[in-house]
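Reading through the structure tokens given below for one structure.
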Amino acid sequence: MLKPLTDAIYVAPQIDTATVAEAKGLGVTMIVNNRPEGESADQTPGDAIAAAAEAAGIGYVAIPVTHAGFSPWQIDALDKALAGKGDGKVLCYCRSGTRSTLLWALARARAGDDTDDISDIAATAGYDVAPIRQIMDALKAGA
């Protein structure tokens, strides 16, 4: 369920409190919740994940991404979360892992990473960044 994008970042569909222990075992030191609260009745509430993360000594931040799209503040918040992971790894999750992957891709493009490489990394994990490719290219051009 936890899919590596890089050596330092995993993405996943909705996690539960038991997943926090699995993440800890993989070296995760920061969990990023990209799912808006109340998006579906079956999702584990963010405060339950936050409490499990705190109990495990893992940082937690919520950066909700709705289907309305992405904003610069979300990319900024992800950059801050990634910087706050220390020597550990980050686990980002949403309903399917797609929004988490897309947000990561936008952050990497804005940082100046090659957009073809970003696309290949996402595809290897089973995600398609084509819907945001033009935005990635624009962010890369501005890096």
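Read the figures in this text as sums done on the coordinates, not as results from a lab. Keep in mind the model is a prediction, meaning the values are calculated, not measured. No Cβ is skipped: glycine too gets one built from the backbone with ideal geometry, and neighbour counts run over all protein chains shown.
Filter segment 44-94 down to the residues that are touching a Phe, Trp or Tyr at 6+ places or on another chain (Cβ under 8 Å), under 13 Å from THR29 (Cβ atoms) and β-branched (Val, Ile, Thr) and list them by number.
The one that is touching a Phe, Trp or Tyr at 6+ places or on another chain (Cβ under 8 Å), under 13 Å from THR29 (Cβ atoms) and β-branched (Val, Ile, Thr): VAL90.
May I ask you to list the residues in segment 121-138 that are more than 21 Å from ARG95 (Cα to Cα) and either over 18 Å from the mean Cα position of the chain (by Cα) or among the aromatic types (Phe, Trp, Tyr) (or both)?
Correct list: GLN134, ASP137, ALA138.
Restricting attention to segment 101-117, which residues are in a helix (DSSP H, G or I) and over 19 Å from ASN34 (Cα atoms)?
THR115, ASP116, ASP117
Could you look through segment 95-143, keep only residues that are among the polar types (S, T, N, Q) and touching a helix residue (DSSP H, G or I) at 6+ places or on another chain (Cβ under 8 Å), and pick out the one that is surrounded by the most Cβ atoms within 10 Å (Cβ to Cβ)?
Among them, the one singled out is THR101.
Restricting to segment 71-82, and then to whatever is of a type outside the set (Val, Ile, Thr) and under 13 Å from the mean Cα position of the chain (by Cα), can you tell me which residue is surrounded by the most Cβ atoms within 10 Å (Cβ to Cβ)?
LEU78
For every residue, the table says whether it meets (1) under 25 Å from PHE70 (Cα atoms); (2) free of Cβ contacts under 8 Å to residues at least 24 places away in the same chain; (3) out of contact with any strand residue (DSSP E or B) (no Cβ under 6 Å at 6 or more places or on another chain).
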site: MET1; (1), (2), (3): yes, yes, no
site: ILE15; (1), (2), (3): yes, no, no
site: GLY25; (1), (2), (3): no, yes, yes
site: ARG35; (1), (2), (3): yes, no, yes
